[in-house]
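Structure, as structure tokens:
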Amino acid sequence: MKSLFFSRFLLLLPWVLIVIIVLDIDSSRAPLPARAPRGGGAGSGEPRSAAAARPPPQRRPEAALPTIYAITPTYSRPVQKAELTRLANTFRQVARLHWILVEDAAARSELVTRFVAAAGLPCTHLHVPTPRRYKRPGLPRATEQRNAGLAWLRQRHQHLPPPQPGVLFFADDDNTYSLELFQEMRTTRKVSVWPVGLVGGRRYERPVVENGKVVGWYTGWRADRPFAIDMAGFAVSLQVILSHPKAVFKRRGSQPGMQESDFLKQITTVEELEPKANNCTKVLVWHTRTEKVNLANEPKYHLDTVTIEV
Ligand code: UGA
Ligand code: MN
């Protein structure tokens with residue numbers, strides 16, 4: 001009797017296991033809930049698998065979304081952690097965003113390393129110092145850091161087979177970014193552009209669009225720039241970055257405010273630009289600048305009983 005029961009059990013067991021496996025596969029294919037949390041820490045290195053984000057539901061499954069790579073140069077100063085916190089709070093809400101944070105420093109700082117580990121989004125932490133001779137007022141900032149981000153991106157993708165849908169943009173750590181901006185830039189085919197608020201001595205600057213094409217620039221500052229646009233005003237597809245391996249930011253001969261033009265000239269033409277944000281009539285990013293913090297009452301020597309990271 002016992003052996004009959006046992007043989008039946010053995011006969012059924014594989015079928016039960018198959019049913020369990022099939023059910024398991026099915027449930028793992030089911031769509032993620034709209035607000036699935038992004039658990040776990042990030043660090044320098046590979047991103048974790050992306051989870052769904054909050055902005056309006058996109059029709060395509062998230063796996064098919066092009067990755068947005070945000071290159072952020074950053075440097076040590078009293079407001080740095082506050083700026084990075086604000087930025088991470090925005091980026092965390094964007095699906096498939098990979099943050100490339102590049103410190104202007106000879107080594108990775110402890111503050112940024114800790115910050116990245118707790119940021120809760122896919123993040124690559126790089127560093128490169130700006131040579132001392134370039135740390136002067138009037139000279140372009142963050143040239144070496146943006147180039148380090150570009151080099152990392154090219155190296156990561158050069159051995160992967162196409163297509164590698166991706167979009168790159170340069171996200172300075174002090175600007176303000178709406179979530180809608182990421183939806184707009186996500187569909188960049190080559191190079192896309194949009195208005196930037198609070199820049200160039202005006203409430204905004206914008207590409208002027210006629211019949212869906214950029215035909216000029218609304219700006220109050222150096223209107224002679226070939227691309228009269230701030231770093232926050234454009235995105236580039238990964239394909240364009242990979243197919244122009246020599247396109248970088250240049251120190252030599254670079255004037256203030258010309259970095260964007262010098263870079264864009266290497267990869268596109270004005271005629272080719274793709275206007276976003278309702279034909280460049282909406283401001284979705286602001287060139288905010290944080291005021292220098294007042295530390296007049298900071299004691300010369302450490303007086304507090306504890307040491308606190310700010
Ligand atoms: C403007 C543009 O918006 C910047 O994209 C451009 O790099 C800059 O001018 C320039 O002159 O080169 P602005 O607000 O004046 O921006 O510049 P910052 O926000 O002070 O710096 C731009 C980025 O570079 C920030 O992410 C900042 O953290 C970083 N940075 C700045 C460094 O990494 N090292 C520095 O010494 C200074
Ligand atoms: Mn700035």
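The values are calculated or read from the model by the stated rules, or taken from the named source; none is laboratory data. Just so we're clear, the structure is a prediction, and the values are computed from it rather than from any experiment. So basically every Cβ, Gly included, is an ideal-geometry build from the backbone, and we count neighbours across all protein chains shown. Keep in mind that these areas ignore ligands, DNA and RNA; they rest on the heavy atoms of the full protein, side chains included. Shrake-Rupley method; radii C 1.70, N 1.55, O 1.52, S 1.80 Å.
So the values come out like this:
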item	result
Sites matching trypsin sites (Lys or Arg not before Pro) across region 177-236 that sit in DSSP coil, with at most 12 neighbouring C-beta atoms within 10 Å	Arg189
Sequence-distant residues sharing a close amide H with Val102 (under 5 Å, placed H)	Thr72, Thr74, Leu126
Net dipole in debye of region 156-298 [+1 Lys, Arg Cβ; -1 Asp, Glu Cβ; about Cα centre; nearest 20]	360 debye
Region 68-119 - percent of accessible surface contributed by carbon and sulfur, probe 1.4 Å	55 percent
Cross-link reach list, lysines versus Lys81, counting only Cα pairs under 20 Å and skipping chain neighbours closer than eight places	Lys292
GluC sites (Glu not before Pro) within region 202-310: DSSP coil, no more than 16 neighbouring Cβ in 10 Å	Glu291, Glu309
Residue-normalised accessible area of region 153-291, expressed per residue, 1.4 Å probe, Å²	48 Å²
Per principal axis, descending, Cα span of region 103-230 in whole Å	47, 42, 26
All Cα pairs of region 71-171, percent lying beyond 24 Å	24 percent
Sparse-neighbour loop sites [trypsin sites (Lys or Arg not before Pro); region 132-180; at most 14 other C-beta within 10 Å; DSSP]	Lys135
Selection from Trp152, Ala95, Gly138, by position along the positive dipole direction of region 95-161 (Cβ)	Gly138
For Val167, distant residues with modelled amide H under 5 Å away	Thr67, Ile68, Tyr69, Leu238
Cα-derived Rg over Rh, computed across region 111-150 with Rh taken as Kirkwood radius	1.08
Number of Lys pairs (Cα under 20 Å; 8 or more positions apart or on different chains) in region 154-287	10
DSSP beta bridge pairing in region 62-161, given as percent antiparallel to the nearest 5	0 percent
Projected label distance in nm at Thr113 and His244, using a 7 Å step from Cα toward the beta-carbon	3.6 nm
